Amino acid sequence: MNTLAKDIGLPVFAIAAALLLFGIFVAFAGVDPIEVWTLLFKGAFGDWFSWQNTLQRAAPLMLTALCVAIPARAGLVIIGGEGALVLGGLGCAALPYLMPLPTNVLGTVLVCAAGALCGALWIALAGWLRQVRGINETISSLLLAYVAIGLFKHFVEGALRDPASLNKPSTLALDESLRIGGMFGSDVHWGLAIGVAACLAFWIWLRSTASGFSVRVVGGNPRTAQLMGLPASRLILLACALGGACAGLAGAVEVAAVHTNANASLIAGYGYAGILVAFMARHNPIAIIPVAILFGGFGAAGSLLQRRVGLPDASVLVLQGIAFVLILASEALRGVAGQAVLAKLFARPYEELEHRPALKGATA
């Protein structure tokens, strides 16, 4: 019960503290913090329009958070989801260039699968570099993200560029039959359902399947995995590929449901925001769903802050950054036992006495 309280209480405390510090930050800019907090809530959850905007932003966050959470269960820290996302979007937009596609749901599935495959191969490369060459996966995945963005710009502005896109280079628009529409007549596209389904599926996989349990063993206790004869390298590559597939799918969904083609708007920072969502959810696929909705709401409220109080639209990034620092601090505090801290504090005077020669001689 104490562990459950920490799992829920510490992230909630981190969010509350982040909002408080963000209020102090905007107060120095001459803006009323209470008005800012009110606008954050209204812009995210105040009405149905706000909810639609929030849920649209939450869909890619769920998938990019899984790109961090699944490898984390295998003991890896992957932070290159942005690269997998943009390559996934590029793969989705490029598939019609390579082959004719059926103009039905199967065609939509194929373009989404192409995006997922691109993301899976890209993040699996980071896992391969770690297992075969001993390169730190955190650094390699981050650097690979910059390489992926460079490749994305090269193809979008070069071989795949639509000649009609003059001021904003982009690929040819996907055919109407290949696009992902809204759910039940709303502006919330089916990518949200895909994100929720992916979180549920991976939660079940990690808890109820042999391969999912093996991945958790490899991440939790590598020596135990070795003694059990588990194929650690294959499981790590599997976890990286699955995580990358989720981020690539996020890019494909953004192209098929929002942008209709691959362009620079796809590089929106969803891959980096997914890192925060995953850590806030403690890499639990189920917890990723509400956390992604919360941070999708913060992003949706940015434009309202700009219109009402004159704060830059990107000011919500400051809030996200503060929250990220605080959640990392709360993770550090999670393993600290209060009794151990007190014991060290009270033991220090006695340790100092023991190291004083005169007192030690007097005691003798």
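The values are calculated or read from the model by the stated rules, or taken from the named source; none is laboratory data. Owing to the predicted nature of the structure, the values given are computational and were not obtained by experimental measurement. Note that each Cβ is placed from the backbone with ideal geometry, even for glycine, and that neighbours are counted across all protein chains shown. Calculation scope for accessible area: heavy atoms of the full protein, side chains included, ligands and nucleic acids excluded. Shrake-Rupley method; radii C 1.70, N 1.55, O 1.52, S 1.80 Å.
Projected label points at Leu98 and Asn221, each 7 Å from Cα along the beta carbon direction, are separated by 4.3 nanometres.
Here the calculated FRET efficiency for Trp48 and Phe213, from their Cβ-Cβ distance with R0 = 56 Å, stands at 0.85, rounded to the nearest 0.05. Taking all protein chains together, Tyr97, Tyr146 sort by accessible area into Tyr146, Tyr97, largest first [probe 1.4 Å]. The modelled label-to-label distance for the pair Trp205/Ile286, using points 7 Å beyond Cα in the direction of Cβ, is 1.8 nm. For segment 168-174, 3J(HN,Hα) computed residue by residue from phi via the Karplus equation (6.51, -1.76, 1.60; θ = phi - 60°) reads 10, x, 7, 7, 5, 5, 5 Hz, glycine and proline entered as x. For segment 239-328, rounded, prolate or oblate, judged on the Cα gyration tensor with a ≥ b ≥ c (square roots of eigenvalues), a/c < 1.5 rounded, else prolate if a/b > b/c? The shape class here is oblate.
To the nearest ten degrees, helix 105-133 and the longest principal axis of the Cα atoms of the chain are 40 degrees apart.
Summary of the geometry: segment 222-247 and segment 158-218, compared by the centres of their Cα atoms, lie 23 Å apart.
Give me the percent of accessible area attributable to carbon and sulfur for the chain, probe 1.4 angstrom.
Values: 12070 of 17980 Å².
Answer for the chain: carbon and sulfur cover 67 percent of the accessible area.
Rounded to the nearest 10 degrees, what's the angle between the helix 285-300 long axis and the longest principal axis of the chain, both from Cα atoms, 0 to 90? Compared with the principal axis, the helix lies near 70 degrees.
Coupling constants for segment 208-223 follow from the phi torsions by the Karplus curve (6.51 cos²θ - 1.76 cosθ + 1.60, θ = phi - 60°), and in residue order they are 10, 10, 5, 5, x, 5, 5, 4, 5, 5, 4, x, x, 8, x, 5 Hz; glycine and proline get x.
When the square roots of the Cα gyration tensor eigenvalues are ordered a ≥ b ≥ c, the ratio a/c for the chain is 1.5 or more and a/b does not exceed b/c, which makes its shape oblate. Within the listed set Val109, Val196, Val188, the Gaussian network model of the chain (springs between alpha-carbon atoms below 10 Å) gives the highest mean-square fluctuation for Val109.
Between Ala29 and Met228, the contour length at 0.36 nm per residue exceeds the Cα-Cα span by 65.8 nm. Seen against the Cα atoms of the chain and their longest principal axis, helix 270-280 is set at about 30 degrees. Taking the chain as a Gaussian network of alpha-carbon nodes connected by springs under 10 Å, the highest mean-square fluctuation of the residues Leu90, Leu20, Leu192 belongs to Leu20. Along segment 137-150 the Karplus relation, 6.51 cos²θ - 1.76 cosθ + 1.60 evaluated at θ = phi - 60°, assigns HN-Hα couplings of 5, 5, 5, 5, 5, 5, 5, 5, 5, 5, 5, 4, 5, x Hz to successive residues, with x for each Gly and Pro. Near the amide H of His189, within less than 5 Å, lie the amide hydrogens of Met183, all on another chain or at least 5 residues away, with H placed in the peptide plane. Name the residue, out of Gly269, Gly134, Gly244, whose mean-square fluctuation peaks in a Gaussian network model built on the chain with Cα pairs under 10 Å. Evaluated over the chain, the most mobile residue of the options is Gly134. So what's the gap between the Cα centers of segment 42-102 and segment 8-23, to the nearest angstrom? Using only Cα atoms, the two centres lie 25 Å from each other. Each of Arg307 and Ala193 was given a label point 7 Å from its Cα along the Cα-to-Cβ line. The distance between the two points is 2.9 nm. Residues in segment 151-274 average 48 Å² of solvent-accessible surface per residue, probe 1.4 Å, ligands and nucleic acids excluded.
Helix-only estimate, please: 222 nm mean residue ellipticity of the chain, summing -39500 (n - 2.57) across DSSP H runs of length 4 or more and dividing by its residues, to the nearest 500. Can you show the working numbers first?
On the way: 16 runs with 269 residues, N = 364.
After summing the helix terms and dividing by the residues of the chain, the value is -24500 deg cm²/dmol.
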